[in-house]
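The values are calculated or read from the model by the stated rules, or taken from the named source; none is laboratory data. Fair warning: this is a prediction, and the values are worked out from it, not measured in the lab. A quick note on method: Cβ atoms are made from the backbone with ideal geometry, for glycine too, and the neighbour counts reach across all protein chains shown.
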Amino acid sequence: MADDRNVVLIGMPGAGKSTCGVLLAKVTGRPFIDTDVWIQSLEGCRLQEIIDGRGLAAMRAVEEQRVLELDVRGHVVATGGSVVYSEPAMRHLKEAGEVVFLQVGVGVLHERLGDAAERGIVRAPGQSFDDLYAERLPLYRRYADHTIDCNGLDHEGVVAAMIKAVAGG
């Protein structure tokens, strides 16, 4: 794993991008950034407030703009689940790093998320979580340099699989 290359984590909300990203950063001695937290800090409000107040398209535009502004090297970057809707944002992330898709089954995601309505999940009004999963899955696969099947793995197992994947193993 080249020290100046980012490890960029993509996947659905609840896939473990932030949790496993922090652990990966600790193990590899890299700085960690969660783009959702970073965007909320820059915007001065929660993602759900952007969605509720300005709409889905505005949230996607804000996410794209902020990700395109992100200029870090040698970091672990946990992204929002909707970043894959932006080809320019994904191209930017891939230029500076390797993209790792944390794939988790929709049933496990339901268990982890409970009431997802308040999580700032970018989805159309009335769109079910299962439909959102089906819509995003091909995008995650399209942009991933590596896919980690997280089903049945604990956090440490996911981190070990990520290290092996980005090291070329």
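Quick notes on this structure:
- Looking only at residues of segment 29-46 that are buried (at least 16 other Cβ atoms within 10 Å of the Cβ) and of a type in the set (A, V, I, L, M), we find that the one that is nearest to the chain's Cα centre (by Cα) is Ile33.
- Considering residues of segment 144-169 that are of a type in the set (A, V, I, L, M) and either more than 20 Å from Val106 (Cα to Cα) or loosely packed, with under 15 Cβ neighbours inside 10 Å (or both) only, the residue farthest from the chain's Cα centre (by Cα): Ala167
- Set Phe101, Phe129: member being touching a Lys or Arg at 6+ places or on another chain (Cβ under 9 Å) and without any contact (Cβ under 8 Å) to a residue 40 or more places away in the chain: Phe129
- Counting only residues that are free of Cβ contacts under 8 Å to residues at least 60 places away in the same chain and in a helix (DSSP H, G or I), segment 151-163 holds 3 of them.
- Number of positions in segment 119-150 that are at pLDDT below 90, outside any helix (DSSP H, G or I) and of a type outside the set (A, V, I, L, M): 7
- Residue within segment 61-78 that is touching a Leu at 6+ places or on another chain (Cβ under 8 Å) and farther than 20 Å from Gly21 by Cβ present: no
- When each of Glu98, Glu87, Glu64, Glu49 is tested for being of a type in the set (D, E, K, R), farther than 28 Å from Ala161 by Cβ and either surrounded by 16 or more Cβ atoms within 10 Å (Cβ to Cβ) or under 15 Å from the mean Cα position of the chain (by Cα) (or both), the lone residue that passes is Glu64.
- Only one of the numbered conditions (1) closer than 20 Å to His146 by Cα; (2) assigned to a loop (DSSP other than H, G, I, E, B) is not met by Cys45, and that is (1).
- Among the residues of segment 48-79, those that are in contact with a Pro (Cβ under 8 Å, 6 or more places away or on another chain), closer than 20 Å to Tyr143 by Cβ and part of a loop (DSSP other than H, G, I, E, B) comprise Val72, His75.
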